[in-house]
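Colleague: I'd like to ask some things about the structure below.
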Amino acid sequence: MGPRANRREAVLRVENMLAEERPDLNIVMHDADTPFPRFVAEFPFDMVMLGPTFLGARISEKRLFNVQKIYGETIRNAGYRVALPQDDYDSSAVLDEWMTSWRIDTLYCVIPDRWQEIYPNYLEAGSILPGFTGYITDDWIAQWHEPKARERRRWDVTYRTHDRSSLYCDLRNLKFAIAERFRAAVGERSGLEMNISNRALDHIAGPDWHEFIEDSRFCLATPSGSSFLDPRGEIRKCVARHQAKNRGLTLSEARAACFPDASPSRPFSAISPRHIEAGLALTVQIATPGDYSGLMVADQHFLPLAEDCSNASEVMDRMKDESSCQLMATSFKESLLSEPRLRRSVIVDEIIRLAENAITAQNHVRASQADVDRLMNRYAAFVATHGRRYERMTHLRSRLVRFLDTSTPQLGNWLRRNVRP
């Protein structure tokens with residue numbers, strides 16, 4: 001997951017969900033960028049859960065080969081196996097085959113209405129349940145029980161993204177391009193205090209992101225996802241090759257070179273953690289059209305913005321109606337809080353219940369508590385030994401990637417995907 005200082009709060013809350021929700025369980029949280037000790041690999045785990053960051057290994061053939069070689073036997077020997085992938089549309093066929101070969105028992109898909117297209121093989125071998133890219137925690141609810149009053153917030157409109165996949169398709173490009181489009185449409189004379197950026201250097205991580213979004217009256221938003229499937233990542237690789245030769249490559253040039261025959265279809269999209277965080281903070285979203293997992297409805301929950309920002313003047317007029325905006329913000333927050341499956345505690349309880357049922361049904365041989373205690377103690381010592389070195393290496397790698405992002409972004413992207421600390 002890279003240096004701790006750069007990690008997104010919402011991502012951490014997904015990756016750490018078991019340990020934070022169920023501290024009563026004996027849990028080994030292993031960072032796959034560090035060595036996998038043999039004493040851990042040989043342990044008969046009751047359950048193994050694969051987080052979305054780990055499952056991102058599918059985008060690199062080298063990384064995926066190493067992951068399968070190092071972890072495959074341990075995963076298959078566990079009593080119950082669960083996976084929480086994201087961005088399923090990227091290398092979807094690779095992911096489908098991987099989850100099938102590892103005999104994953106349950107997979108949580110964030111695009112539940114497209115299972116047949118994404119997981120044709122896995123559907124014959126395991127079960128799929130609907131999931132989300134982010135989940136609401138109890139401390140988030142407490143944190144935003146009474147968000148900062150909108151009239152006291154510093155910024156009128158905010159936005160952050162540094163999506164490096166903006167040339168893969170129209171939807172991803174929109175996520176990157178909306179920043180410049182909105183600024184150009186609104187103009188400098190609007191009188192709005194705006195903090196909008198699509199530069200990687202302006203990334204806001206950790207708790208600072210929550211402070212930032214709560215200090216915003218409005219924020220820009222677009223659907224999270226992709227316009228089409230890229231079954232084996234061939235489009236992504238093709239675009240990267242052309243970007244390496246032409247730093248000024250445009251979306252139309254990328255389309256002509258890499259996916260000229262890709263037909264328009266219903267996007268593979270879902271509501272993102274940032275939509276959820278903004279909703280809890282009562283920050284009104286100025287959003288482009290999209291499904292948003294059925295939880296965000298135009299005019300009722302957000303101010304609709306045309307993709308080309310042609311209706312920016314109308315949006316600005318509506319922003320002045322504070323009572324209407326406050327009602328919109330409150331309505332969306334209620335929509336989020338009324339969806340049980342958005343609660344992290346609900347999903348964790350479900351996973352544990354499924355695991356317990358599976359272990360009981362198959363008579364899985366469980367380790368003694370003494371063996372578990374020895375494992376936990378040895379792993380704690382292992383982390384203490386390797387953790388400091390790992391932090392140094394990830395820090396140096398992050399600084400190099402950030403430098404390359406401004407000078408040679410293609411090389412930075414390659415380093416990010418293929419070179420581990």
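The values are calculated or read from the model by the stated rules, or taken from the named source; none is laboratory data. This structure is a prediction, so every number in the text was calculated from the model and none was measured. Here the Cβ is made from the backbone with ideal geometry for all residues, glycine too, and neighbour counts use every protein chain on show.
Colleague: With the condition kept exactly as written, say whether any residue in region 139-159 is under 30 Å from GLN243 (Cβ atoms), without any contact (Cβ under 8 Å) to a residue 60 or more places away in the chain and among the β-branched types (Val, Ile, Thr).
Modeller: Within region 139-159, not a single residue is under 30 Å from GLN243 (Cβ atoms), without any contact (Cβ under 8 Å) to a residue 60 or more places away in the chain and among the β-branched types (Val, Ile, Thr).
Colleague: Please go through region 261-316 and pick out each residue that is among the hydroxyl-bearing types (Ser, Thr, Tyr) and on the phi < 0 side of the Ramachandran plot.
Modeller: First pass over region 261-316, keeping only residues among the hydroxyl-bearing types (Ser, Thr, Tyr): 263, 265, 269, 272, 283, 288, 292-293, 310, 313.
Answer for region 261-316, where residues must be among the hydroxyl-bearing types (Ser, Thr, Tyr) and on the phi < 0 side of the Ramachandran plot: SER263, SER265, SER269, SER272, THR283, THR288, SER310, SER313.
Colleague: Can you run down the residue pairs with Cβ atoms below 7 Å, 6 or more apart or on separate chains, where the first is in region 332-353 and assigned to a strand (DSSP E or B) and the partner is not aromatic (Phe, Trp, Tyr)?
Modeller: ARG343/ILE136
Colleague: Further, regarding this structure: Give me the residue from region 253-277 that is among the polar types (S, T, N, Q) and modelled with pLDDT under 95 and, out of that set, surrounded by the fewest Cβ atoms within 10 Å (Cβ to Cβ).
Modeller: Restricting to residues being among the polar types (S, T, N, Q) and modelled with pLDDT under 95, the top hit is SER263.
Colleague: Would you point out which residue out of ALA281, ALA298 is farther than 19 Å from ILE196 by Cα, aliphatic (A, V, I, L, M) and assigned by TED's automatic domain parsing to the domain that holds ALA142?
Modeller: ALA298
Colleague: Follow-up question, since we're still on this one. Taking the condition under 19 Å from SER226 (Cβ atoms), touching a residue at least 12 places away in the same chain (Cβ under 8 Å) and in contact with a strand residue (DSSP E or B) (Cβ under 8 Å, 6 or more places away or on another chain), does LEU129 pass?
Modeller: Numbers: under 19 Å from SER226 (Cβ atoms): no; touching a residue at least 12 places away in the same chain (Cβ under 8 Å): yes; in contact with a strand residue (DSSP E or B) (Cβ under 8 Å, 6 or more places away or on another chain): yes.
No.
Colleague: State whether one or more residues within region 96-113 are crowded, with 21+ Cβ neighbours inside 10 Å and at pLDDT below 95.
Modeller: yes
Colleague: Does LEU123 count as in a loop (DSSP other than H, G, I, E, B) and in contact with a helix residue (DSSP H, G or I) (Cβ under 8 Å, 6 or more places away or on another chain)? Reasoning before the result, please.
Modeller: On the way: in a loop (DSSP other than H, G, I, E, B): no; in contact with a helix residue (DSSP H, G or I) (Cβ under 8 Å, 6 or more places away or on another chain): yes.
Judged against the criteria, LEU123 is not a match.
Colleague: Where in region 131-240 are there strands (runs of 3 or more DSSP E), lying fully within it, with 2 or more residues that are at pLDDT 95 or above and assigned by TED's automatic domain parsing to the domain that holds LEU327?
Modeller: 155-160, 194-197, 216-221
Colleague: Tell me, which helices (runs of 4 or more DSSP H) wholly within region 5-108 include 1 or more residues that are under 24 Å from ASP373 (Cα atoms) and in contact (Cβ under 8 Å) with a residue 24 or more places away in the chain?
Modeller: Correct list: 9-15, 17-21, 38-41, 61-76.
Colleague: In region 246-263, is there at least one residue being part of a loop (DSSP other than H, G, I, E, B) and closer than 16 Å to GLU117 by Cβ?
Modeller: Yes, region 246-263 contains at least one residue that is part of a loop (DSSP other than H, G, I, E, B) and closer than 16 Å to GLU117 by Cβ.
Colleague: Does ASP308 satisfy being of a type outside the set (Gly, Ala, Ser), without any contact (Cβ under 8 Å) to a residue 60 or more places away in the chain, under 30 Å from GLU193 (Cα atoms) and surrounded by fewer than 21 Cβ atoms within 10 Å (Cβ to Cβ)?
Modeller: In short, no.
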